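Q: Just passing along the structure, written as C-alpha cells.
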Amino acid sequence: ALKDLVGARNISASVVAEGDELVASVVDDGKGISGEDLTPDNDSFIFKEGSSGTKSTGLGLSNSDQRIKSVGGSLSVVSFNREEDKINTYSNAPEFKFDLDEFNRRREAVGGVKVNTVFEIRLPITKK
C-alpha cells in the first residue's frame, strides 16, 4: 500500500544514534515529492491535515512536524521529483542546510537502488 502510494519499489528505514541525537530515516526510490507538496503555505503541503483530499495522508504526517518540534527534534525531507526533474526540500530545523553531495551519496547507498526521497527525523537523546 505505501509502496503504491509513493510509486516505490524499495523502501528502507533505519534508526541510529549519532552523537547526542537519535536519527530515524526512511528512504524510497519512488516518484519523488513535488515542490508544492513541500511548501508550508500551500494547500497540498504534506504535513497539513487534509492535504491528501481524504482528510488524512494515512501516514500521520499532518501533525508529526509539530510533535517532533515540541520535543526539540527536527524533521527534514529531501526529494528528487522525477516529473519536475528537480530536488525539493523541507525542514523545520532552523540550521538545516541542504548538501547535494550528501544527498547524492545517500541516493546511491541503499543497495545500489537510486533513492529519490529521504525523510529524516532527529531527536535529542537526553540522560536522566
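The values are calculated or read from the model by the stated rules, or taken from the named source; none is laboratory data. Source: prediction; values computed, not measured. Counting neighbours? That spans all protein chains shown, and the Cβs are built from the backbone with ideal geometry, glycine included. What goes into the accessible areas is simple: the full protein's heavy atoms, side chains included, and nothing from ligands, DNA or RNA. Shrake-Rupley method; radii C 1.70, N 1.55, O 1.52, S 1.80 Å.
Q: Picking from SER12, SER56, SER25, which residue would you name as being touching a Lys or Arg at 6+ places or on another chain (Cβ under 9 Å), surrounded by 11 or more Cβ atoms within 10 Å (Cβ to Cβ) and either among the basic types (Lys, Arg) or modelled with pLDDT under 90 (or both)?
A: Criteria check complete, one pass: SER25.
Q: Can I ask one more? Of all residues in region 59-90, which are modelled with pLDDT of 75 or more and closer than 16 Å to ASN42 by Cβ?
A: Those that are modelled with pLDDT of 75 or more and closer than 16 Å to ASN42 by Cβ: ASP65, VAL77, SER79, ASN81, GLU84, LYS86, ASN88, THR89, TYR90.
Q: Which members of region 28-53 meet the condition of being assigned to a loop (DSSP other than H, G, I, E, B), at pLDDT 80 or above and open to solvent by 60 Å² or more (accessible area, probe 1.4 Å)?
A: LYS31
Q: Can you name the residue in region 68-94 that is under 20 Å from ILE125 (Cα atoms), part of a loop (DSSP other than H, G, I, E, B) and in contact (Cβ under 8 Å) with a residue 40 or more places away in the chain and, of all such residues, is least open to solvent (accessible area, probe 1.4 Å)?
A: Restricting to residues being under 20 Å from ILE125 (Cα atoms), part of a loop (DSSP other than H, G, I, E, B) and in contact (Cβ under 8 Å) with a residue 40 or more places away in the chain, the top hit is GLY73.
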